[in-house]
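In what follows, a structure is listed as structure tokens, so that the remarks can point back to it.
Every read-out reported here was derived from the displayed coordinates using simple, explicitly stated rules and does not represent laboratory data. Given the structure is predicted, the values throughout are model-derived calculations rather than measurements. Heads up, the Cβs are rebuilt from the backbone with ideal geometry, glycines too, and the neighbour counts pull from every protein chain shown.
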Amino acid sequence: MFRISDFDIRIWLRLCRAVCSAVKYEYNMSKPKPSPPAKLLVSIIAKDEALINETMKALAGRRGDVDFISEVLPFDQTDYYNTELGAPLLRRFAAFETLIDPSLLPDLKHETNAVEMEGAVEGRRRVNIDPGYIVAERLILATGKNYTHRIYLGKGIYADLTLIYSKGGFQTLPWTYPDYASQKVRTIMEQIRRKYLFQMKEELLDADER
């Protein structure tokens, strides 16, 4: 008669535990998948409203139609750009209809840098353009400056996690710029986010119909 010894049982139990552990690991393991598209936005700062609008048109020529434009806002939370751009400064936010692959953010930052220099006078910028994107969970800005909370993306560009969406609105972080921490700017970002979510819903409906 075939008999199973205590040793055989122990080996069998170990094998079972190993198999179960491997299956559980495979089930829980994160699997890479493409990021959802993002909503491209820009902040445009200049001394002259006409120059802001002109810059917006130049960007639209490169990136397609603009589907959101904020009102003209005073840029008075800092004097960081005053020496280069003049004072007092104005700002407008704009968002673009065509959604983007968020991995393209470094290229977009270099593109906006080129637009800035196209309008420069004797090598001095007259406008500052800060590109970024919104997805459901966060607002990301592109920057060429390293800091503790910024993640390097490549091509000399870092991602700045500026705002996170939680509890029904955009929330600040310890490093959030004071202007982006203001309720006025956060409300604008929430308006852009709603447009983005509507677009994502429409894309899903279109995909279901195909």
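Stretched out fully, how many nm does the piece from LYS57 to ASN113 gain, at 0.36 nm a residue minus the Cα gap?
The LYS57-ASN113 span can extend by a further 18.6 nm.
Counting each DSSP H run of 4 or more residues in the chain as -39500 (n - 2.57), what helix-only mean residue ellipticity at 222 nm follows after dividing by all residues, to the nearest 500 deg cm²/dmol?
It lands at -13500 deg cm²/dmol.
Considering the options VAL72, THR143, LEU161, tell which one lies farthest towards the positive end of the dipole of the chain, charges being +1 on Lys and Arg and -1 on Asp and Glu at the Cβ, about the Cα centre.
The residue sitting most towards the positive pole is LEU161.
I need two numbers for the stretch 165-210: Rg to one decimal and Dmax as a whole number, Cα atoms only, in Å.
When restricted to the Cα atoms of the stretch 165-210, Rg and Dmax are 14.4, 45 Å.
How do THR98, THR148 rank when sorted from fewest to most other Cβ atoms within 10 Å of their own Cβ?
Result, fewest neighbours first: THR148, THR98.
Would you mind calculating the relative contact order of the chain from Cα pairs under 8 angstrom and at least 6 residues apart, reporting the percent as a whole number?
Relative contact order comes out at 19 percent.
Any idea which of LEU197, ASN128, THR172 is furthest toward the positive side of the dipole for the chain, if Lys and Arg beta-carbons carry +1 and Asp and Glu beta-carbons -1?
Going by the charge dipole, the pick is THR172.
Cα centroid distance between the stretch 182-200 and the stretch 28-83, in Å?
Answer, in whole Å: 13.
Going down the list LYS47/LYS167; LYS145/LYS195; LYS31/LYS57; LYS33/LYS57; LYS33/LYS145; LYS145/LYS167, which pairs span over 32 Å between their C-alpha atoms?
Working: LYS47/LYS167 36 Å; LYS145/LYS195 29 Å; LYS31/LYS57 41 Å; LYS33/LYS57 35 Å; LYS33/LYS145 29 Å; LYS145/LYS167 30 Å.
Result: LYS47/LYS167; LYS31/LYS57; LYS33/LYS57 exceed 32 Å.
How large is the Kirkwood hydrodynamic radius of the chain, in angstrom, based on all distinct alpha carbon pairs?
20.0 Å
Please report PHE198, PHE170, PHE93 as a ranked list, fewest other C-beta atoms within 10 angstrom at the top and most at the bottom.
PHE198, PHE93, PHE170
Using a 10 Å cut-off around each Cβ, can you sort VAL72, VAL185, VAL121 from fewest to most neighbouring Cβ atoms?
Taking fewest neighbouring Cβ atoms as first place, the list is VAL121, VAL72, VAL185.
Place a +1 charge on the Cβ of each Lys and Arg in the stretch 39-209 and a -1 charge on the Cβ of each Asp and Glu, then give the dipole magnitude about the Cα centre in debye, rounded to the nearest 20.
That gives the stretch 39-209 a dipole magnitude of about 520 debye.
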